[in-house]
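S.K.: This is the structure I want to talk about, given as structure tokens.
The values are calculated or read from the model by the stated rules, or taken from the named source; none is laboratory data. Remember, predicted model here, so these are calculated numbers, not experimental data. Cβ: placed from backbone, ideal geometry, glycine included. Neighbour counts: every protein chain shown.
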Amino acid sequence: MSWTAFDRAIRLATGHARPGDLGKWTSARDAIYDQVWDKGWSNERGAFVQHYGDKVLDSSLLRMGTVGFITPHRWARRFANRSALSEDSSSPAVAAVKITPVWIAS
């Protein structure tokens, strides 16, 4: 995710006193964040989609929480993604992946 690249660059620059255009990086990260929430969410699917305006899901959506894109107050949407992905047999990206919810696997 492009958002993750900018977020990590900002963290590295600020955490390790490295040079970087933090203003531009922060603006780019925030613009990507807003765009993904505005255009990447499908009300019809109740989940984020692989491409804007599409219905296809992608298993990389499960990483959104682990990389920090989704904050704790938005976890409900992440679980909707997990549920939608586990039920979606039309998505080629997840057709071969069996997704077992964490609370069942434990």
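S.K.: Which condition does I70 not pass, out of (1) at pLDDT 85 or above; (2) touching a helix residue (DSSP H, G or I) at 6+ places or on another chain (Cβ under 6 Å); (3) surrounded by 15 or more Cβ atoms within 10 Å (Cβ to Cβ), if it passes all the others?
M.R.: (1)
S.K.: Does D7 meet the test of being surrounded by 13 or more Cβ atoms within 10 Å (Cβ to Cβ) and touching a residue at least 40 places away in the same chain (Cβ under 8 Å)?
M.R.: yes
S.K.: Right, next: Would you mind stating whether T4 is within 23 Å of Y52 (Cβ to Cβ), outside the structural domain of S60 (by TED's automatic domain parsing) and among the polar types (S, T, N, Q)?
M.R.: Against the criterion (within 23 Å of Y52 (Cβ to Cβ), outside the structural domain of S60 (by TED's automatic domain parsing) and among the polar types (S, T, N, Q)), T4 qualifies.
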